[in-house]
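Here is the structure we will look at, set down as structure tokens.
Rule-based calculations on the coordinates, nothing more; no lab input. Worth saying up front: this structure is predicted, and the values here are computed from it rather than measured. Backbone-built Cβ (ideal geometry, glycine too); neighbour counts: all protein chains shown.
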Amino acid sequence: MDEARLAGDPPIRVVFALLPHSLILDWAGPAEALRIANQLLVASGRPARFELVFASPEPTSTSSVGVALAGLQPLPLQWDAPSWVVLVGLPGDTVAVDNEPAQTLLRWLRGLRLESGRLELVTICAGTLLAAHAGLLNGRRATTHHHHLDELRRVDPRCEVVANRVFVLDAPLYSSAGVTTGIDLVLHRIAETCGESLAARVAQTMVVAMRRGPHDPELSPFLAYRNHLHAALHRVQDAVSERPQDEWSVPRMADVAHTSPRHLTRLFVEHAGVAPLTYLRRLRLATAQLALRSGANVTRAADISGFGSDTQLRRAWRQFGLPGSPSTQDSSPQEVHANA
């Protein structure tokens, strides 16, 4: 994610549409992830990226655990791009929509005109059922909590229901399986909009693992190797992932961690499962691929990513078993898999 472009992008309005008794973790976890993303952006001198709005058919409501919610905004009728609408789950074996608040929400949803990059829909847990009742899933792929998969098939047979996934991406629809997987999905969306390094820092702050469903693509190197809680190692990974083109060496990484080079190598192997220079090369390859995808030639991609020459980039390309060569890549090259 280009920081200059990020700084000039308009904020994304994220509207959490809440019904009475909405599952609190479905919306509180993702909201916290977005808040932390804003906090980290501001701390680094960049503008906040997300504007959080909590809306409902009624100005007051009650959460799933009985906590009263006040000051809820009306469901918005005007949309200034870009915006996300977030639908969350409700307690119970099925999602009941035979009540006035639910009917009001469904009428509002039916008026939405979803469009990638302008107005997008994020569903968490049984929130996908609300989208189905509103007729927004026709011809789309989506998932929901495993207890509601059959219900989703019944409510909208035109939806391709995907089981056994943490989340499913079918822009402008983004759906997750339930409860904590809403955090996984929002971390993915933070990575898409603000960069993978920031998403990793948000995950680190929240002490959650960056993970995906069993059939989703492997994590990119920016997100892989971060499923640990070692603060000094995260500090090194943050620095390297933000500036992979710098002249990094194990001693310089060790200076960031305030430890010896030998001990840093042990930390990488023990906690990240990879040697520090291998981690660096994977990040540089991923950066080179992003540059090639954006139209850079091989020489420019090598320079941007920190490889000393075209030859070094090509050598690393072969070392990690990527198909073809950098000069033959099309506009959508394969990711550098975490297990390459």
Q) For G308, what is the net charge nearby, where nearby means another residue's Cβ is under 14 Å from its Cβ and Lys, Arg count +1, Asp, Glu -1? A) +1
Q) Rounded to whole Å and sorted largest first, what semi-axes of the equivalent ellipsoid does the C-alpha gyration tensor of segment 1-128 yield via the square root of 5 times each eigenvalue? A) 28, 17, 12
Q) Around G178, what is the net charge, scoring Lys/Arg as +1 and Asp/Glu as -1 over all other residues with Cβ under 12 Å from its Cβ? A) -1
**Q.** Loop-resident sites, segment 139-212, for GluC sites (Glu not before Pro), counting at most 14 other Cβ within 10 Å (DSSP)
**A.** none
Q: Name the residue farthest towards the positive end of the dipole of the chain from the options H145, P157, A272, assuming +1 on Cβ of Lys and Arg, -1 on Cβ of Asp and Glu, about the Cα centre.
A: A272
**Q.** Spin-label pair Q103/D246, simplified geometry with 7 Å Cα→Cβ offset, distance in nm
**A.** 6.1
Q. Mind checking the dipole of the chain: about its Cα centre, +1 per Lys or Arg Cβ, -1 per Asp or Glu Cβ, Debye to the nearest 20?
A. 820
Q.
Per 0.36 nm of contour for each residue apart, how much would the distance between W79 and A163 grow if the chain were fully extended, relative to their Cα-Cα spacing?
A. 27.0 nm
(Q) What are the ³J(HN,Hα) couplings of segment 110-120, residue after residue, when phi is run through the Karplus curve with 6.51, -1.76, 1.60 and θ = phi - 60°? Round to Hz, x for glycine and proline. (A) 5, x, 6, 10, 6, 7, 4, x, 10, 9, 10
Q: May I ask you to compute the full-extension gain from T205 to D9, defined as 0.36 nm times their residue separation minus their alpha-carbon distance, rounded to one decimal in nm?
A: 68.1 nm
Q) Roughly speaking, what is the stretch gain from R46 to Q312, that is 0.36 nm per residue apart minus the C-alpha to C-alpha distance, in nm to one decimal? A) 92.4 nm
(Q) Given the options H258, V298, V236, identify the residue whose Cα lies farthest towards the positive end of the charge dipole of the chain (+1 on Cβ of Lys, Arg; -1 on Cβ of Asp, Glu). (A) V298
(Q) Among A48, V86, P76, whose Cα projects farthest towards the positive end of the dipole of segment 1-112, with charges put on the beta-carbon of Lys, Arg (+1) and Asp, Glu (-1)? (A) A48
**Q.** Per-residue HN-Hα couplings for segment 154-163 [Karplus 6.51, -1.76, 1.60; θ = phi - 60°; Hz; x = Gly/Pro]
**A.** 6, 5, 9, x, 7, 7, 7, 7, 10, 9
**Q.** Burial ranking of peptide ranges 302-312, 128-138, 108-118 (average Cβ count within 10 Å, highest at the top)
**A.** 128-138, 302-312, 108-118
Q) What FRET efficiency comes out for the pair A275/R154, r = Cβ-Cβ distance, R0 = 45 Å, nearest 0.05? A) 0.30
Q. Relative to the first principal axis of the alpha-carbon coordinates of the chain, what is the inclination of helix 310-319, with its axis defined by its Cα atoms, in degrees from 0 to 90 and to the nearest 10?
A. 70
Q: Only helical DSSP H runs with n ≥ 4 go in: add -39500 (n - 2.57) per run for the chain, normalise by residue count and round the 222 nm mean residue ellipticity to 500 deg cm²/dmol.
A: -12500 deg cm²/dmol
(Q) Just to check I understand the Karplus step: with θ = phi - 60° and J = 6.51 cos²θ - 1.76 cosθ + 1.60, what whole-Hz values come out for segment 59-73, glycine and proline as x? (A) x, 10, 7, 10, 7, 5, 9, x, 6, 6, 10, 10, x, 5, 7
